[in-house]
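Read-outs throughout are calculated quantities, based only on the coordinates presented, and are distinct from any laboratory measurement. Values in this document were obtained by computation on a predicted structure and should not be read as measured data. Cβ coordinates were reconstructed from backbone atoms using ideal geometry, including for glycine residues, and neighbour counts include every protein chain displayed.
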Amino acid sequence: MIMEAEKRYKVLFVCLGNICRSPAAQGIFEHIVRENGMQDRIEADSAGTYGGHRGELPDRRMRNAAMYRGYGLTHRSRQVSGLDFLDFDLIIAMDDQNYEDLMHLAPSVEATHKIKRMASYLTTHKITYIPDPYYMGLDGFGLVLDLLEEGCGNLFNAIKAEL
């Protein structure tokens, strides 16, 4: 008798262009998953609500800031699609506009229940969204990484508790 492989829990991180916040969240989250030996149970991807950067690596400034902290960001940008609502168990929006765009894209009311805000996983930072560092200068990339490290750690713990 062949045992069916255990289904992986899949998380999709979404920002606008998929070149700063969401690929950084993906890289941080995958790092946490690997450190905890859960890569056979949990996987992550990222996408953007805007498709103009399709196929591009993350922003060089974000790659450099992430590499300084030990995260290699190699994801190629892609646009979120309706099929993502079928493939992923959880879809994490970086800000309110991403959240609203995802709510409109969701193919059903049930699919909207998969959409959560990244900021809802923050416990020490009093902020309601993950800001886009694109126009914030180098300090902005560090701030976003701080927020994503906290949020991804808490997200991982929440998923691990469910599995």
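Looking only at Asp96, Asp87, Asp45, which one moves most when the chain is put into a Gaussian network model with springs between Cα atoms under 10 Å? Of Asp96, Asp87, Asp45, the Gaussian network model singles out Asp87 as fluctuating most. The Cα-based radius of gyration of the chain, divided by its Kirkwood radius, gives an Rg/Rh of 0.96. Spin-label model, Leu57 to Asn154: label points 7 Å out along the Cα-to-beta-carbon direction sit 3.2 nm apart.
Straight-line reach from Lys126: taking Cα to Cα under 16 Å and skipping same-chain neighbours fewer than 8 places apart, the aspartates and glutamates in range are Asp95, Asp96, Asp146, Glu149, Glu150. Report the residues of segment 60-99 in range of a label on Arg34: point 7 Å along Cα→C-beta, backbone N strictly under 16 Å from it. Residues 63-64, 66-76 qualify, since their backbone N sits under 16 Å from the label point.
Each Cα pair under 8 Å and six or more residues apart adds its sequence gap; the mean of these over the residue count of segment 9-162 is a relative contact order of 27 percent.
Length available on full extension from Arg41 to Glu6: 0.36 nm per residue minus the Cα-Cα distance, which gives 11.8 nm.
Beta bridges per DSSP, both residues in segment 9-162: antiparallel share near 0 percent. With the alpha-carbon atoms of segment 72-127 aligned to their principal axes, the span from lowest to highest coordinate is 34, 30, 19 Å, starting with the largest. Over all pairs of different C-alpha atoms, segment 66-160 has a mean inverse distance whose reciprocal, the Kirkwood radius, equals 14.6 Å.
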